[in-house]
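*Asks:* Let me begin by handing over the structure; questions about it come next.
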Amino acid sequence: MHSRARIRCAATLTAVLVAAPLVGVASAPAGAAAPPPTATAPISALAVDPRILSSFDAIEQAMAGYRTAGRLAGHVADSLADRLTRARALAEQGAETRTIAYVEQFAARARNQVKGDADDLAVRADLVSRAEQLIVLLREAEEAENAGGTTIGTVPAAGGTVALAGIASVAFPADAFEQDTSVRITAASDAAVVAAYAETGFLFDAGPSAPLQVVLRTGAAQPRGGAQVTLDVPAQLRSALPAEAEIRVFARNVYADEDERHETYEPLDERFARDSTSVTVAVPAHFFGPDTSGAGRSLTLVLGSTPTADPQAPAAARGAAARSAGGVATAAADCQGSSLEPPLATMNVSSPFGPRSNPFNGTQDYHYGVDFDVPTGTNVMAVADGVAERVTTQTANGQVTGWGNYVVVRHADGSKSLYAHLLPDGRVAQGATVTAGQVIAQSDNSGSSTGPHLHLEYAPNGQIYDKAAKVDPQPCIGQNVEGSITVRDNGTLADDAFTVRVEGLVVCRTTIGASNTCAVGSLRPGQRTLSLTADIAPDDVGTYEITLGRGLTFSTGGTSASGVVGQGDTATYTIVVPSG
């Protein structure tokens, strides 16, 4: 039997499956009840990593080619093959340290025994390089094995669950896969994942995360309907979370189209109390993106946190409410944050926010921003008042990538906006206060971008807004935005202006003029404090009208209120935001 076949057979025998027939285990006769699922210990990460198998294959094929071409002496080839064969056999057994030792011996023999002219030295360099790359993969697998382990199972078309004891359980619905599909779960600590979570989770003030990340590989298949994932929350994470924290699950999202490529970590909608011992989330299919190895598809999850706990709700209620949430942000007709100003003088959308079918392979992708087609050097403006909290460049392995040169502005209500693919010069200084409509940068095509455009992202503050994830900014941009709260000057002259706050946070400001409105949408359920302060009232009489929509009511009843307030004074109301 070929060594690869032995590995596959061993993998299927150690599957951990629930509510689905096991593969590689004796099945019941036709019409008989299926045997109960059997849980076994996790198998070695070395024995199931396709990158390691491919690397062994590539070295063997290279050696065979060199030997056939007369570029590698027979006795040298035999000596090298002996080390490589022993290493592969040990990898199949999960003997991490000894496998690495034999590959290191292979590299040493290649350095010492392959000698001669320039052609011979090229062969030596190639074999040593391949061995060193394999050692890197083996060490990664060793870390995974020592950290959280790996398990593999086969999910049939009828659906099923694969579990890694003490770490994660993943349930796939019926028809998630067209045929029996091998699924592998690995738990390990990956520095690159931690760094990406920190940088791209900055828009949500992402906080402490679990020491291990979970990677789920499904081969070439992207599961239809996604999956339901349950993660155990380690005690060290729970003890590290501050009082204002909620547990959140972040998923790696890879989006690529004709204009750009982004790899970010996005929070799923569910929220959980910080003392939760386990969490269950619905993971949409688009998060099963291209694997980092370049082969097949995978889902990477980070068990993290955000400082968005509702101070008005007890922990138990927060947990219950979070578990009833789900789904993913979609392009919306209504604003799911607060009123925003245009980021450009002329806005031509080249790629909208939301889902799309990949034109090349038909898989589901998701764009967590809006792209505007503009030439290089176009002025980019802040969409709301705030502070330029981050002005930097996204890099990987010394190369400018992803967002390229970008700016993040934290707004007065705690929400954030991101402006990407900018010119490096001319950006606002980090820490500077900015106002809506102020030029903060110029557009470009820096980072993983194929042409000049502006990429805009908007993340409402999850402490007061229902969506604690990125939302479509377009419905929030412009005048007369539709939302659940609308405030306007109802005086004859329309000469008053107000600052509107929810829970003490500034959500918008009205301006003097005929339209003179600001809107707020998709607030977090519960009782909320709404206040208006008259910033401008020329006759010291600020006249206002508040209209509530989307099921919101005043605590005293009704959906509208009007009144008069002096300049600098504040009117305060309690409003009720329904669930669902």
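The values are calculated or read from the model by the stated rules, or taken from the named source; none is laboratory data. The shown structure was predicted, so the numbers you read here are calculated from the model rather than taken from an experiment. For neighbour counting, all protein chains shown are included, and Cβ atoms are generated from backbone atoms with ideal geometry for every residue, glycine included. All accessible areas refer to the heavy atoms of the entire protein, side chains included, with ligands and DNA or RNA removed. Shrake-Rupley method; radii C 1.70, N 1.55, O 1.52, S 1.80 Å.
*Asks:* Of the heavy-atom accessible surface of the stretch 255-298 (probe 1.4 angstrom), what whole percent is carbon and sulfur?
*Replies:* Of the solvent-accessible surface of the stretch 255-298, carbon and sulfur hold 45 percent.
*Asks:* Moving on to the next point. With both partners inside the stretch 374-496, how many of the DSSP beta bridges are antiparallel, as a percent to the nearest 5?
*Replies:* Once the DSSP bridges in the stretch 374-496 are tallied, antiparallel ones form about 100 percent.
*Asks:* Convex hull volume of the Cα atoms in the stretch 96-214, per residue, in Å³?
*Replies:* 177 Å³
*Asks:* Measure out, as a whole number of angstrom, how far apart the alpha-carbon centroids of the stretch 47-110 and the stretch 369-412 sit.
*Replies:* 47 Å
*Asks:* With only alpha-carbon atoms in the gyration tensor, what are the semi-axes of the equivalent ellipsoid for the stretch 48-134, in Å, largest first?
*Replies:* Equivalent-ellipsoid dimensions as semi-axes: 22, 12, 11 Å.
*Asks:* I've got another one for you. So how compact is the stretch 485-580: Cα radius of gyration and Dmax in angstrom?
*Replies:* 12.7, 42
*Asks:* Going through the stretch 114-222, which trypsin sites (Lys or Arg not before Pro) have at most 13 other Cβ atoms within 10 Å and a DSSP loop state?
*Replies:* Counting only loop positions with at most 13 other Cβ atoms within 10 Å, the trypsin sites (Lys or Arg not before Pro) in the stretch 114-222 are LYS115.
*Asks:* Can you list, largest first and rounded to whole Å, the semi-axes you get for the stretch 402-529 by taking the square root of 5 times each eigenvalue of its Cα gyration tensor?
*Replies:* Its equivalent ellipsoid spans semi-axes of 30, 18, 13 Å.
*Asks:* When the distances between all Cα atoms of the stretch 355-399 are binned every 5 Å from zero, what whole-number percent does each bin get?
*Replies:* All Cα pairs considered, the percentages come to 5, 11, 11, 16, 20, 20, 11, 4, 1.
*Asks:* For SER562, what is the net charge nearby, where nearby means another residue's Cβ is under 12 Å from its Cβ and Lys, Arg count +1, Asp, Glu -1?
*Replies:* -1
*Asks:* Next question, about the same structure. Could you work out how far apart the two model spin labels at GLU60 and ASN379 are, taking each label as a point 7 Å from the Cα in the direction of the beta carbon, and quote it in nm?
*Replies:* In this crude label model, GLU60 to ASN379 measures out at 6.5 nm.
*Asks:* Also, quick follow-up: Throw me the Rg/Rh for the stretch 216-297, computed over C-alpha atoms with Kirkwood Rh, two decimals.
*Replies:* So for the stretch 216-297, dividing Rg by the Kirkwood Rh gives 1.04.
*Asks:* Let me ask something else about it. Hey, which lysines would be in cross-link range of LYS115, C-alpha to C-alpha under 21 Å, not counting anything within fewer than 8 residues on its own chain?
*Replies:* Reachable lysines: none.
*Asks:* Which whole-Hz couplings ³J(HN,Hα) result when phi for each residue of the stretch 70-79 is put into the Karplus expression 6.51 cos²θ - 1.76 cosθ + 1.60, θ = phi - 60°, listed in order with x for Gly and Pro?
*Replies:* x, 9, 9, 4, x, 5, 5, 4, 5, 5
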